[in-house]
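Working notes, structure below.
The values are calculated or read from the model by the stated rules, or taken from the named source; none is laboratory data. The shown structure was predicted, so the numbers you read here are calculated from the model rather than taken from an experiment. Glycine gets a Cβ as well: all are built from the backbone with ideal geometry, and neighbour counts include every protein chain shown.
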Amino acid sequence: MRWNFFNKQQKWVCGRAEIGKSCRSGSDHQGDCHSEYECQPLQKEDRWYCASPTPCAQGALPDGGCSKKLGFCLPQLSQKAKISRINLWLFIAFISIFLFIIAAKAYSPGELSSNHSFLESECQSCHSSGGLKSINILLQALQPFQHNTENALCVDCHQFGEQAGLAHNLSHSHLQALTEKVTQQPLNSTLLMATLAQSGLDDQSEKNISCISCHHEHQGTQHDLTAINDKNCQSCHQQTFTEFKDHPEFSEYPYADKTQINFNHPEHIAKNFADEAAVQPENCNDCHQPDNKGELMLSKGFDQSCRACHLKQIQGDSQAGSKGIAVFSLMGMDIETLKAKGFVTGSWPEDADSELSVFMRLLLSNDPKAVKALNILEKMDTLDLRKASNIQLQAATDLIWSIKTLLATLQSQGHNALKQSLEKSLANSLSSTKFSALVSLLPPALFNEALKYWFPLLNQELKLYQQNDLIALKQLLNAPVIAEIKHIIPSAITETIEDDLLADDGLLGGDDLDSLMADDDDDLLSLDEEDSFDEPQESSVKLTTSAEEWVKSGGWYQSYDSLYYRPSVHEDPFLKGWLDLSASHADKNFQAIFKTISKPQAPGMCLKCHTLTDDKAIHWTAKRPDKNHQSFTRYAHDRHLAMAGIKNCATCHQFSQTSEKSQSFKSIEKQQCSSCHAEQKASESCTTCHNYHIGELKLKLKQTKLSVFQDKVAK
Amino acid sequence: MKLHQRRLLNVSLLVLALLVIVFIQQLNQYTLNNNAFFTGWILLVAVLVLYLFTLRKKITGGKLFLKVSTWMQLHIYVGFFVIALFLFHAGWQMPEGILKQLLYFTFVAETLSGLFGLCITRMLPPCLARNGSVLYQDIKGKQQQIFDDVEQLVEQSLEIKSNTIAAFYQEHLLHFLLKPRDFWPHLFQYKKIIYKFEAEFINLQRYLNEEECEIINKIHVLVVEKNRLDYQYAGQSLLKRWLFLHIPLSYGLLLFAVLHLILVYAYIGGL
């Protein structure tokens, strides 16, 4: 087939076409010229005619040849073929670029924000397809979208707890409760749009929200990942508004939540500074200062703001009654009645008239006999058992021996026994630090001294009781010498020590004692080296102050039937340890301890100022910035206080005498903010004052294995 | 339908389509859905519609697929729609990342070439028609013919024992007549070239006798015709050659767009 110059589809054209002298036959499809002559004559019947549109004068030769010889030409590419060829080359160029991008993995959609820039070459850290190659990327693209998978990679580092994917990291029930609080807004255009937009969607409230819904990465190093469009908020908050003036009125802001420290500003000022103008703080900054970010206004703390006036209160200086907490105390017992009715109780301090301390009750809770006895005696006055039944009398007796057993165990085994007993009550182990705080350096000498005062022959009594040798026990106690000992052994440092009670020539000397102490009766009355009384030293020291006063700066002391602890400093470890331990513990013994030491007027007065959390933990400090915790609202105190329009703290925080809130401040009204946060003035964006992620926000720290140790093990 | 009515209808449809897109975008913002996915898919579909025009041009005599001129109208207005959609999708700022930047550049180049093509296909043809139409493929032949005719006239002038015209031809006309000249001046309607020749011819006539004047007048007519053909050549070449840029760029655009689509879904966690 010959190609025609005028045929637009042909690839080659006659080489003479450029000069307007194209031959009729043109080039073939391979670009070869076969037209040596100008035309190819046509035969009609037996004659040949010139086939040119303008027939030449010579006409065709008799043999059918053309009379005009042109010679061969060099066919040229047609216009269309040239376009096709250029297209082809450009297409190849694009394909090359395409392949280069894939091969070089140059398909990053942009630089990461500066916070994530270290992950530039670690795509798999954020993308489940990050480590995939070529065809697998295509297959991944065709997978159904699983935002949970992608979210999991985000929360692997940014830990928002178990509800990471839910709105505001709050549970559905919590969100529902919050929603119910919100009053209905009248219909407006924004609400209409939001309703319309979500009319076709399922209820999203229980579904996980993809992180990428709000956070768009790969937007360059300067991109702010936390910059959120207000409309993102309005996708859920359908009772919407576009201007701050339409924001719902504040409700008790910012005092809706309990403060961590109970402090009523106007009351405190009126009560304490009325006559002491000299120590009255001059301005808010004397006690408050902004945190490092300038957002939270912090209290300066006890040492700077409260110590001067309140340390003595903590140490119990102004306390009426006991200034210490009775930790070990013996209950009063009607021993006479018990003896009269034939119950063997052994010795019991006659001056004991207290109640069994809550701490003792806790320690006894591991002894079933004691627990049973305490239950039976729950509402009884143990100082008068004349009308008690036999069961109650037996319970009283059992309780006496349980107490003695407990004290003897503590005496012989010390902290180990105490720790085991506490751990058993707690059903949990105690760290050394915690336990150390709970016993707060209880001096063994003082403990032993107290026991000697209460039960001079405790170990002998117990030994006979355990052997059920009641006769010997009675004999032991009926010995007149012992009766004397019970009254004469000095009570630690509280009494005047005048006599050398244990001297050979004293009360313990003589035949009576010799007979008791003889080795001939199974050593019943012999004293072990451990049990033996210390050799009393001759002393005539006369204390001019009580033990309670003696430990004015805090510590342990004994007074009659009790061993007390007196708080020493602010953040007293003993009180702090026991309050922490007992506050949230459900056991009634722990609750009893908490009730005792948490009374506002209890020694230490801790909970006069410190409040409890919802989880029954204790706020030991005033509110402090926690980088791992984020609340729903935020406020930049420093920037606002530096503004010309704001005079001082009282511009917003005004005392209210009628408020029942502990701070006694009037709630801040929306009007106070909306005067500046308005159109064409300060920002009205939701995220100016609100955080989306609420609660615990943590960054997962990398674990580093200590290879040096592993190498040693391997070797 | 008259031209202005057709244009009014088309522009109205275009504005309506854009308003629908803007409205859906606004709604989307209240659903936490990423608008880029919505605009991206619409953009891809619209670009594929633009490609259908090329396909339709290859089908001859297909009445079922509407007339090519109708497709041309569709191509133009969908093109404008795509430009607006692209701005919704990518924004005015240069995107980050090599692939996205390549895609951006390719789209911008494609758009500019398309707009350029639209301008010249609307502006040049009437000008060319006013200048006297001539088939593009005949231009070079006609210019060759002019060249031959001028050479023949110059030879005639030599036969009357004067080399004034030959010298003039050698010095001023030969270069002009050899091939199409002054491509860009013609495109910008720059008339000084022909005015310069006019002046030369007028100056020359003072040195010619009557017989030579007759010859030079004939050459003058041929030179004016050559100039007209040059204008036609420049205009018609441009009308054909802008597609050399527009069509290959469209292939690149499609390639990069498909790659972009795959990567977006692969790295976002699937479709």
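Tallying residues that are in a loop (DSSP other than H, G, I, E, B), among the aliphatic types (A, V, I, L, M) and closer than 18 Å to A:Leu410 by Cβ within region A:332-370 yields 2. Quick check on my filter: what residues within region A:104-125 are facing another protein chain (nearest Cβ under 9 Å) and either within 34 Å of the chain's Cα centre (by Cα) or outside any loop (DSSP other than H, G, I, E, B) (or both)? Once the filter is applied, which keeps residues that are facing another protein chain (nearest Cβ under 9 Å) and either within 34 Å of the chain's Cα centre (by Cα) or outside any loop (DSSP other than H, G, I, E, B) (or both), region A:104-125 yields A:Glu111, A:Cys123.
Does B:Val258 meet the test of being out of contact with any strand residue (DSSP E or B) (no Cβ under 6 Å at 6 or more places or on another chain), within 13 Å of another protein chain (Cβ to nearest Cβ), touching a residue at least 40 places away in the same chain (Cβ under 8 Å) and under 30 Å from B:Leu50 (Cα atoms)? When the stated conditions are applied, B:Val258 does not pass them. Of the residues in region B:137-144, none is away from chain A (no Cβ under 14 Å) and either under 30 Å from B:Ile247 (Cβ atoms) or touching a helix residue (DSSP H, G or I) at 6+ places or on another chain (Cβ under 6 Å) (or both). Mind listing whichever residues of region A:211-235 are facing chain B (nearest Cβ under 8 Å), crowded, with 18+ Cβ neighbours inside 10 Å and farther than 20 Å from A:Val155 by Cβ? Matches in region A:211-235: A:Gln219, A:Lys231, A:Gln234, A:Ser235.
Go over the candidates B:Lys218, B:Lys226 one by one and state the one that is more than 8 Å from chain A (Cβ to nearest Cβ), out of contact with any strand residue (DSSP E or B) (no Cβ under 9 Å at 6 or more places or on another chain) and within 20 Å of B:Ile139 (Cβ to Cβ).
Unique residue meeting the criteria: B:Lys226.
Residues in region B:148-207 that are hydroxyl-bearing (Ser, Thr, Tyr) and in a helix (DSSP H, G or I): B:Ser157, B:Thr164, B:Tyr169, B:Tyr195.
Of all the numbered requirements in (1) surrounded by 13 or more Cβ atoms within 10 Å (Cβ to Cβ); (2) at the interface with chain B (Cβ under 10 Å from one of its Cβ atoms); (3) modelled with pLDDT of 70 or more, A:Ala152 misses one, and that requirement is (2). Among the residues of region A:126-138, is any within 14 Å of chain B (Cβ to nearest Cβ), out of contact with any Phe, Trp or Tyr (no Cβ under 9 Å at 6 or more places or on another chain) and on the phi > 0 side of the Ramachandran plot? Yes, that holds for at least one residue. Residues that are exposed (fewer than 14 other Cβ atoms within 10 Å of the Cβ) and modelled with pLDDT under 80: does region A:550-562 have at least one? Yes, region A:550-562 contains at least one residue that is exposed (fewer than 14 other Cβ atoms within 10 Å of the Cβ) and modelled with pLDDT under 80. For A:Ala373, state whether it is at pLDDT below 90 and either assigned to a helix (DSSP H, G or I) or touching a Leu at 6+ places or on another chain (Cβ under 7 Å) (or both). When the stated conditions are applied, A:Ala373 does not pass them. All of B:Ser237, B:Ser250 fail the test of being modelled with pLDDT of 85 or more, surrounded by fewer than 18 Cβ atoms within 10 Å (Cβ to Cβ) and farther than 20 Å from B:Ser157 by Cα, apart from B:Ser237. Candidates A:Lys434, A:Lys452: the one that is within 25 Å of A:Ser354 (Cβ to Cβ), among the basic types (Lys, Arg) and at pLDDT below 90 is A:Lys452. Screening B:Leu27, B:Leu43, B:Leu55, B:Leu85 for residues that are within 30 Å of A:Cys211 (Cα to Cα), assigned to a helix (DSSP H, G or I) and modelled with pLDDT under 85 leaves exactly one candidate, B:Leu27.
On inspection, A:Gly316 passes the criterion of being closer than 30 Å to A:Arg624 by Cα, modelled with pLDDT under 90 and not hydroxyl-bearing (Ser, Thr, Tyr).
Considering only residues that are of a type in the set (S, T, N, Q) and closer than 18 Å to B:Leu253 by Cα, look in region A:56-103 and name the one that is nearest to the other protein chains (Cβ to nearest Cβ). I'd like the intermediate steps shown before the answer.
Residues of region A:56-103 that are of a type in the set (S, T, N, Q), as a first pass: A:58, A:67, A:76, A:78-79, A:84, A:87, A:96.
The next check asks that each one be closer than 18 Å to B:Leu253 by Cα; those that pass are A:84, A:87, A:96.
On the way: A:Ser84: 10, A:Asn87: 5, A:Ser96: 11 Å.
Among them, the one singled out is A:Asn87.
Just for region A:104-134: of the residues that are in contact with a helix residue (DSSP H, G or I) (Cβ under 9 Å, 6 or more places away or on another chain), of a type in the set (A, V, I, L, M, F, W, C) and over 24 Å from B:Leu254 (Cα atoms), which one is surrounded by the fewest Cβ atoms within 10 Å (Cβ to Cβ)?
A:Leu119
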